[in-house]
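Engineer: Pasting a structure here, questions to come.
Please treat every number below as a calculation from the coordinates, not as lab data. Keep in mind it's a predicted model, so treat the numbers as computed, not measured. Because the Cβ atoms are built from the backbone with ideal geometry, glycine has one as well, and the counts that use them run over all protein chains shown.
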Amino acid sequence: MGESNFSERTPLGRWLGLSLGAVLFVGLLIGFDPVPDRPEVGRMAAVAALMACWWISEAIPIPATSLLPLVLFPGAGSELYRGLGSVVIGGLL
């Protein structure tokens with residue numbers, strides 16, 4: 001019995017993770033609206049599902065997955081994350 005290394009994913013596993021994440025993301029964007037007065041709640045849930053799927057499957061490197069909120073949350077309409085990019089980048093410089 002050999003040990004399995006979960007960090008080494010097959011191309012099929014990566015492809016499935018990418019595909020499943022994209023399908024979940026689009027499906028939740030289109031069909032999930034838990035709070036009709038606040039559509040950003042459903043959008044943020046879609047981003048969280050995408051991140052979870054890609055994180056678990058390691059479809060893209062985990063550090064790249066962790067940066068998805070910087071890219072996707074401002075577009076999702078979240079006021080909380082509007083200035084986060086400049087704070088993070090400012091801290092790196």
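Engineer: Once you have the Kirkwood Rh of the stretch 17-72 from its Cα pairs, apply Stokes-Einstein at 4 °C and 1.567 mPa s and quote D in µm²/s.
Structural biologist: 114 µm²/s
Engineer: Could I ask something else about it? Rank-order 20-27, 35-42 by packing density, defined as the average count of other C-beta atoms within 10 Å over each peptide's residues, highest first.
Structural biologist: Top to bottom by mean Cβ count within 10 Å: 20-27, 35-42.
Engineer: Apply the Karplus curve 6.51 cos²θ - 1.76 cosθ + 1.60, θ = phi - 60°, to the phi angles in the stretch 42-58 and return the couplings in whole Hz, x for Gly and Pro.
Structural biologist: With coefficients 6.51, -1.76 and 1.60, one gets x, 5, 5, 5, 5, 5, 5, 5, 4, 4, 4, 5, 5, 5, 5, 7, 6 Hz.
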